[in-house]
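*Asks:* Below you will find the structure I want to go over with you.
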Amino acid sequence: MAGHAKSKAQRQQEAIQDQEEVLEYDINLYRADQEKPKEEQRDLHTICRQAEDKLKKKGRDVTIVHTTLMRQLKGGRSCQQANKENFGWLTTEEDCVVTYCLNLAAQGFPLTHKTLKFHVDSLLHT
């Protein structure tokens, strides 16, 4: 989709992915800090700000609250993980079929019901 503005949903999804990436980075920073002597360890606020500053230099604006990081460190799940576990109804095979159909449609070959059934059956038989 070169030259087209991103939809609101797509921008929101990218922002969530950026936030998940920053959280993972923050968790790794915190765990590395815990191996240092007590006087060299940073608090959660400092770790969150360091990751945010690093991404701002790359042109991405993400804010992480220290309580979110603390919840993740205690084994909590993000909203994205919880929704995927609770409401994710696509299996790997179904996801593969949907991706294949979307790729065909993007190339200008939308599938009829008959051709969709044929492709699904052939993918599932392999």
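*Asks:* Could you check how many residues of segment 97-120 are surrounded by 10 or more Cβ atoms within 10 Å (Cβ to Cβ) and assigned to a helix (DSSP H, G or I)?
*Replies:* 16
*Asks:* Let me ask something else about it. Being among the aliphatic types (A, V, I, L, M), more than 18 Å from the chain's Cα centre (by Cα) and not assigned by TED's automatic domain parsing to the domain that holds Arg11, is that true of even one residue in segment 88-100?
*Replies:* Yes, segment 88-100 contains a residue that is among the aliphatic types (A, V, I, L, M), more than 18 Å from the chain's Cα centre (by Cα) and not assigned by TED's automatic domain parsing to the domain that holds Arg11.
*Asks:* Something else: Suppose the filter is modelled with pLDDT under 75, under 30 Å from Val120 (Cα atoms) and of a type in the set (Gly, Ala, Ser); does Gly59 pass it?
*Replies:* Considered against the rule, which asks whether it is modelled with pLDDT under 75, under 30 Å from Val120 (Cα atoms) and of a type in the set (Gly, Ala, Ser), Gly59 comes out as no.
*Asks:* Here is a list: Arg11, Arg42, Arg77. Which entry is within 17 Å of the chain's Cα centre (by Cα) and outside any helix (DSSP H, G or I)?
*Replies:* Arg77
*Asks:* Out of the residues in segment 25-51 meeting the condition of being touching an Asp or Glu at 6+ places or on another chain (Cβ under 8 Å) and under 20 Å from Glu14 (Cα atoms), tell me which one is surrounded by the most Cβ atoms within 10 Å (Cβ to Cβ).
*Replies:* Looking at residues that are touching an Asp or Glu at 6+ places or on another chain (Cβ under 8 Å) and under 20 Å from Glu14 (Cα atoms), I get Cys48.
*Asks:* Which one of Glu94, Glu85 is of a type in the set (D, E, K, R), modelled with pLDDT under 80, surrounded by 11 or more Cβ atoms within 10 Å (Cβ to Cβ) and over 20 Å from Leu29 (Cβ atoms)?
*Replies:* Sole residue among the options that is of a type in the set (D, E, K, R), modelled with pLDDT under 80, surrounded by 11 or more Cβ atoms within 10 Å (Cβ to Cβ) and over 20 Å from Leu29 (Cβ atoms): Glu94.
The values are calculated or read from the model by the stated rules, or taken from the named source; none is laboratory data. Not measured: the values here are computed from a predicted model. Cβ coordinates were reconstructed from backbone atoms using ideal geometry, including for glycine residues, and neighbour counts include every protein chain displayed.
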